[in-house]
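A.B. asks: Sharing a structure with you now.
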Amino acid sequence: MSEVSTIFSQIQEQYLTLLVFASIIPTMYAIVFSGREKDERGQKITSTAYQFTYFFCLAGILILFVANRTVDLTFEDFRTGLITILLLANFFLGATIFRLNMKY
């Protein structure tokens, strides 16, 4: 049982690295899709995905600032939260473009 808790503690320490690797594939898909699809459908998909991602990013930053006011985060915790929001936004952008591409 202690091996499982050791694995979870290692994952907790390295979650930003795991998040970077998890967001690489959707981000690469978004880059390839944006460069390849120049027609009206591609522009609609890209603009819709960027709108959703922009809202997600702003809401996450707002929540981070509110949490900073209530809990008084350290600089490292605030920086980690900001990096997490940006990585999740990249993941969300790629996933949204993929989903909308399959839908339309």
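Coordinate-derived values only; no laboratory data. What you see is a predicted model, and the numbers here were worked out from it, not measured in a lab. No Cβ is skipped: glycine too gets one built from the backbone with ideal geometry, and neighbour counts run over all protein chains shown.
A.B. asks: Only counting other Cβ atoms within 10 Å, I'd like Met28, Met102 sorted with the fewest neighbours first. List each step's numbers first, then the result.
C.D. replies: On the way: Met28 11, Met102 7.
Lowest count first: Met102, Met28.
A.B. asks: Computed from the coordinates I sent, Rg and Dmax of the Cα atoms in Å equals one of (i) 31.6, 96; (ii) 16.9, 55; (iii) 13.0, 40. Tell me the label.
C.D. replies: (ii)
A.B. asks: Now for a different question. With an 8 Å Cα cut-off and a minimum separation of 6 or more residues, compute the relative contact order for the chain in percent. Working shown, then result.
C.D. replies: Details: 63 pairs, mean separation 49.1, N = 104.
Value for the chain: 47 percent.
A.B. asks: Test of understanding: what is the full-extension gain from Phe65 to Glu3, defined as 0.36 nm times their sequence separation minus their Cα-Cα distance?
C.D. replies: Values: separation 62, 0.36 × 62 = 22.32 nm, distance 3.61 nm.
Full-extension gain reported as 18.7 nm.
A.B. asks: Evaluate the charge dipole of the chain about its Cα centre and quote only its size in Debye, nearest 20, assuming +1 on the Cβ of each Lys and Arg and -1 on the Cβ of each Asp and Glu. Mind showing how you got there, number by number?
C.D. replies: On the way: 8 positive and 8 negative charges, 115 e Å.
Computed charge dipole of the chain: roughly 560 debye.
A.B. asks: Using a 10 Å cut-off around each Cβ, can you sort Ile45, Ile83 from fewest to most neighbouring Cβ atoms? Walk me through the numbers on the way to the answer.
C.D. replies: Values: Ile45 22, Ile83 13.
Lowest count first: Ile83, Ile45.
A.B. asks: I would also like to ask the following. Can you compute 3J(HN,Hα) from phi for each residue in the range 88-96, using the Karplus curve 6.51 cos²θ - 1.76 cosθ + 1.60 with θ = phi - 60°, rounded to whole Hz and x for Gly and Pro?
C.D. replies: Couplings: 5, 5, 5, 4, 5, 4, x, 5, 5 Hz.
A.B. asks: For the range 21-33, in order, what is each residue's ³J(HN,Hα) by Karplus, 6.51 cos²θ - 1.76 cosθ + 1.60 with θ = phi - 60°, in whole Hz (x at glycine and Pro)?
C.D. replies: Coupling constants for the range 21-33: 5, 6, 8, 5, 5, x, 5, 5, 4, 5, 5, 5, 5 Hz.
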